Every structure is written in structure tokens, then in C-alpha cells.
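Q: Quick one: this structure, given as C-alpha cells, is what I'll be asking you about.
The values are calculated or read from the model by the stated rules, or taken from the named source; none is laboratory data. Owing to the predicted nature of the structure, the values given are computational and were not obtained by experimental measurement. Cβ: placed from backbone, ideal geometry, glycine included. Neighbour counts: every protein chain shown.
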Amino acid sequence: MLAGGYAGEVGYIDPWVGFIIGMLGWAYILYEIFAGEASRVASEKASPAVQSAFSTMRWIVSIGWAIYPIGYFMGYLNGAVSDESLNVIYNIADVWNKIAFGVIIWNVAVTESESK
């Protein structure tokens with residue numbers, strides 16, 4: 001996913017090809033976390049705290065990560081966003097997504113530790 005997008009952004013491959021590779025990678029990740037093995041394991045074998053965290057993380061990957069293909073489309077395929085603006089948008093998305101993931105992981109770790 002990242003390799004295709006990066007290659008398209010820097011011009012190693014056609015930007016549309018990079019976009020398609022990135023979208024296929026994201027689609028595979030979404031499949032895994034909603035209907036694939038990761039989803040089954042989380043729902044069948046995980047504790048309630050882990051199930052709750054997994055559910056929240058699924059939505060972060062679905063909604064929070066949507067900024068990247070939207071930004072790629074607007075910046076590299078449509079030309080509607082400058083490189084500087086796109087960089088700011090990507091960095092804000094990175095901060096939000098990484099902090100949200102970190103807080104969820106911390107919360108489930110504390111919850112699991114306290115339950116033992």
C-alpha cells in the first residue's frame with residue numbers, strides 16, 4: 001500500500017498505478033479487519049477489552065486512513081491541493097491516527113492488567 005503510493009508520488013511509476021496499488025492494499029487491510037482472519041480471531045478468541053479496542057481500531061483504519069487516498073487523489077491526481085497543504089494534511093492525519101492508536105493500545109493494556 002505504502003510502496004505503491006510513494007512510488008506514484010515521487011514519479012517512479014504512473015500516479016494512477018500508484019493510487020490503484022495503494023487502494024488495493026487498503027482494501028485488503030479493510031477486508032482482513034472486517035471479514036478476514038483478523039476479524040474472526042478478534043471476535044472468537046480475544047477478551048472483551050481487546051474486542052472493544054479492535055472494533056475502535058477498525059474504524060480508525062476505515063475513516064482515519066481515508067485522508068490518505070483522498071489527499072493523494074486531490075494532490076497528485078487532481079492537482080487541486082498544493083504540496084505544502086497536502087503535507088500539512090498528511091501530518092495532521094498522522095498525528096491523529098497514531099495518537100488514537102496509541103491511546104487505544106494503552107487503554108486495553110491497562111484494562112487487561114487491572115483485570116488480572
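Q: Run down G18, G5 and say which single residue is at pLDDT 90 or above, in contact with a Gly (Cβ under 7 Å, 6 or more places away or on another chain) and surrounded by 12 or more Cβ atoms within 10 Å (Cβ to Cβ). Full working, then the answer.
A: Details: G5 fails: at pLDDT 90 or above.
Among G18, G5, only G18 is at pLDDT 90 or above, in contact with a Gly (Cβ under 7 Å, 6 or more places away or on another chain) and surrounded by 12 or more Cβ atoms within 10 Å (Cβ to Cβ).
Yes/no per residue for (1) modelled with pLDDT under 85; (2) touching a strand residue (DSSP E or B) at 6+ places or on another chain (Cβ under 7 Å); (3) over 21 Å from P15 (Cβ atoms); (4) not small (G, A, S):
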| site | (1), (2), (3), (4) |
| --- | --- |
| A35 | no, no, yes, no |
| S43 | no, no, yes, no |
| A46 | no, no, yes, no |
| Q51 | no, no, yes, yes |
| S55 | no, no, yes, no |
| S62 | no, no, yes, no |
| I70 | no, no, no, yes |
| L77 | no, no, no, yes |
| A93 | no, no, no, no |
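Q: With respect to G79, is the statement that it is on the phi < 0 side of the Ramachandran plot, over 15 Å from the mean Cα position of the chain (by Cα) and not acidic (D, E) true?
A: Working: on the phi < 0 side of the Ramachandran plot: no; over 15 Å from the mean Cα position of the chain (by Cα): yes; not acidic (D, E): yes.
Taking the combined requirement at face value, the residue does not satisfy it.
Q: Let me ask something additional. Which of the residues that make up segment 25-46 are part of a helix (DSSP H, G or I), farther than 19 Å from G64 by Cβ and under 19 Å from the mean Cα position of the chain (by Cα)?
A: Of the residues in segment 25-46, the ones part of a helix (DSSP H, G or I) are 25-34, 37-45.
Filter again for farther than 19 Å from G64 by Cβ, leaving 37, 40-41, 43-45.
E37 - this is the single residue of segment 25-46 that is part of a helix (DSSP H, G or I), farther than 19 Å from G64 by Cβ and under 19 Å from the mean Cα position of the chain (by Cα).
Q: Quick one: in segment 29-55, of everything that is hydroxyl-bearing (S, T, Y) and in contact (Cβ under 8 Å) with a residue 24 or more places away in the chain, which residue is nearest to N97 (Cα to Cα)?
A: Residues of segment 29-55 that are hydroxyl-bearing (S, T, Y), as a first pass: 31, 39, 43, 47, 52, 55.
This time we only want the ones that are in contact (Cβ under 8 Å) with a residue 24 or more places away in the chain, so: 47, 52.
Values: S47: 23, S52: 17 Å.
The qualifying residue nearest to N97 (Cα to Cα) is S52.
Let's see how each residue does on (1) surrounded by fewer than 16 Cβ atoms within 10 Å (Cβ to Cβ); (2) over 12 Å from the mean Cα position of the chain (by Cα):
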site: P48; (1), (2): yes, yes
site: S55; (1), (2): yes, yes
site: I67; (1), (2): no, no
site: N87; (1), (2): yes, yes
site: A100; (1), (2): yes, no
